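Here the structure is laid out as structure tokens; the discussion comes afterwards.
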Amino acid sequence: TTVDFQVSRNAKPLARIIAIPESVRAAEILATNLTEITGAAFSVAGGPDNPTQAGLPENQIVFEKTDSFGRDGFAFLVSDGQLTIRAGTEQAFVYAVYDLLEQAGCRFYTRTETDLPADPDLVLQVRPQAYQPKLQYREVYYQGFVDRTFAEKHKMAPSSQHEGWGFWCHSFQTLIPNQDYFWNHPEYFALIDGERHPKGEPCLSNPEVFAIVRDNLRRHIEERPDCLYWSVSQNDDDLYCRCPDCARQDALDGGPMGSLLTFVNKIAAEFPDKIISTLAYWYSRKAPRVTRPAPNVHIMLCNIEALRGLPIATDPRNEGTRQELLDWEKICGNISLWDYCIQFANLVSPFPNLRVLGPNIRFFVDHHVTMLFSQANREIGGEFSALRGYLLAKLMWNPDIDERAVMEDFCRGYYGAAAESILMYIDSLHDAMEATGGQTGIFEGPKVHRDTWLTEERMAGYRQLFDQAEQAVAADPVRLFRVQVDRLPIRYAAIVLQYG
């Protein structure tokens, strides 16, 4: 249900914007955008008790501070000519304003491509309700989301900055660098096949290793005391220690997470006012049988082996990935999910995973994931990077959206007259992938699929749809360029299939 709230008529303002200290930035964003949309000159008044002045509009948009909706949540209320925006932090007020602007028809496709309506008689159709995200932390690892302004337009943490984190992951190499310690103290590092490994993980049962990691972590925390999350986690390898003491703990817990979590729990006890995070990744994904995470220990589970063509919750081939999350859910209240929406074999490869984004995120949230990081392309571009990033952001904020409707809305605005052909291509690619078994892994290039959803006959159909898309926007150079960019994965696949 929506309530109409008119803010302008004939390019003149019908509502005043009244800020409180925590909402000044949000109020200025709102005023700037409303001015651009309506042609009316909106400005920001400085307090809620300003008397109405002659010639000024009676209606008001006011900001009200409350702690009812957590760090990121907010609410809209409409009553007696007043639109009230309620939130508890500066950031939440900004999120609320961008949400309101989207309700007004604004679309923020990429950090450089925005669509604002032009309406001198603007009526906001406000949904008077509260919004509180199920995911406390939301981050999409696309280049566009590095930009703070673009990220907050979608109510996301800026990508690659990992706000609130001192160390994000793979921190042992920082906390006890092999190059600094190995040659004088090989016993500090992993025993593998009877020898200490110069590039191995730390030996986590060694008390001197514990003291070094503890002291180095304390130094880093003192340098960045405002950071709440500190990762104490394995490096990006599988060179974990097999010495008798580490192996004994691992045998008790049924896997290498035993010695890792025992060590992390001891570190966490030294820093009770911080959350100590560790990766459940590669060899350590399996939850331990006996050891339990300390209350201030956070598990970052990485589902790197899951296929992406069919939903994780229902694809029998993803049984192992499913069970890993279910097992961690039983023993840990602080689970972050490191999800993969990237084709590592080549970032430009066709990667038909758009239909599983919603089901997967809903599965994560249903099983008590409270933080979600989606690893996509660090580099510029990639297959449907604008669309996929947009969908991921919308789903992380509200997993219950109709993602098909959001995708169609995006395509019609972003591609214009080419939208129907682009949507037909997306459906054709996904239908072919599903009909031939749903095999879509994150390390597979086009050659793997030459006999399934990238056959010569299907490729010809994909090219025809892009031909139609280009013809539809031939006179629109901006949208033609967008279509040509998103055609690149099919061009790349054709080259690989013919010459690779």
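The values are calculated or read from the model by the stated rules, or taken from the named source; none is laboratory data. Computed from a predicted structure; not experimentally measured. A quick note on method: Cβ atoms are made from the backbone with ideal geometry, for glycine too, and the neighbour counts reach across all protein chains shown. Heads up: the accessible areas ignore ligands, DNA and RNA and are worked out on the full protein's heavy atoms, side chains in. Shrake-Rupley method; radii C 1.70, N 1.55, O 1.52, S 1.80 Å.
Ligands, DNA and RNA aside, W453 has an accessible area near 10 Å² when probed at 1.4 Å. Region 418-473 and region 150-166 have Cα centres spaced 32 Å apart. So which of K134/K394; K153/K394; K134/K330 end up more than 22 Å apart, counting from Cα to Cα? The pairs that break the limit, which is 22 Å between Cα atoms, do not exist here. Separation of region 344-406 and region 475-500, taken as the distance between their Cα centroids, equals 21 angstrom. Over all orientations, region 376-500 has a Cα convex hull whose mean projected area works out to 8.3 square nanometres.
Taking the charge dipole of the chain about its Cα centre, with +1 at Lys and Arg Cβ atoms and -1 at Asp and Glu Cβ atoms, the residue from L429, G389, V213 reaching farthest to the positive side is V213. Taking the longest Cα principal axis of the chain as reference, the axis of helix 90-103 is set at about 50 degrees. Here the dipole of the chain is about 160 debye; that uses its Cα centre as origin and unit charges on the Cβ of Lys and Arg (positive) and Asp and Glu (negative). Using C-alpha pairs under 8 Å with a sequence gap of at least 6, the mean separation divided by the residue count of the chain gives a relative contact order of 12 percent. Listed values for region 373-385 are Karplus-derived 3J(HN,Hα) couplings in whole Hz (6.51 cos²θ - 1.76 cosθ + 1.60, θ = phi - 60°), namely 10, 9, 7, 10, 8, 5, 7, 5, x, x, 4, 6, 4, and x replaces Gly and Pro. For region 88-150, the residue among T89, L101, Q125 whose Cα projects farthest onto the positive side of the dipole built from Cβ charges is T89.
The residues neighbouring I380, those whose beta-carbon lies less than 13 Å from its own, together hold a net charge of -1 under the Lys/Arg +1, Asp/Glu -1 convention. Direction-averaged projected area, Cα convex hull, region 316-435: 8.3 nm², rounded to one decimal. About its Cα centre, region 343-500 has a charge dipole of approximately 380 debye under the convention of +1 per Lys or Arg Cβ and -1 per Asp or Glu Cβ, with nothing else charged. Looking at region 325-433, the trypsin sites (Lys or Arg not before Pro) that sit in a DSSP loop and have at most 14 other Cβ atoms within 10 Å of their own Cβ are R378. Only the Cβ atoms of Lys and Arg (+1) and of Asp and Glu (-1) were treated as charged; on that basis the dipole of region 104-195 about its Cα centre amounts to roughly 560 debye. Rolling a 1.4 angstrom probe over the chain with all protein chains present gives an accessible area of which 50% lies on carbon and sulfur atoms.
For Y499, the shell of other residues with beta-carbons less than 13 Å away shows a net charge of +3, using +1 for Lys and Arg and -1 for Asp and Glu.
Add -39500 (n - 2.57) for each DSSP H run of 4 or more in the chain, then divide by its residues: what number comes out at 222 nm, to the nearest 500 deg cm²/dmol?
On the way: 15 runs with 189 residues, N = 500.
So the helix-based figure for the chain works out to -12000 deg cm²/dmol.
Computed from the mean reciprocal separation of all distinct C-alpha pairs, what Kirkwood hydrodynamic radius does the chain have, in Å? For the chain, the Kirkwood estimate is 25.2 Å. Here the Karplus curve 6.51 cos²θ - 1.76 cosθ + 1.60, taken at θ = phi - 60°, turns the phi angles of region 456-461 into couplings of 4, 5, 5, 4, 4, x Hz, with x standing for Gly and Pro. In terms of the Cα gyration tensor, with a ≥ b ≥ c the square roots of its eigenvalues, is region 241-329 rounded because a/c is under 1.5, prolate because a/b exceeds b/c, or oblate? It comes out oblate by the Cα gyration axes. Put simply, the amide H of S277, placed in the peptide plane, has neighbours under 5 Å in W230, S231, V232, H298, leaving out anything fewer than 5 places away on its chain. A 1.4 Å probe run over region 263-364, with the rest of the protein chains in place, finds 34 Å² accessible per residue. In the chain, a dipole from Cβ-located charges (positive for Lys and Arg, negative for Asp and Glu) runs towards its positive end, and of L228, V348, Q439 it is L228 whose Cα lies farthest in that direction.
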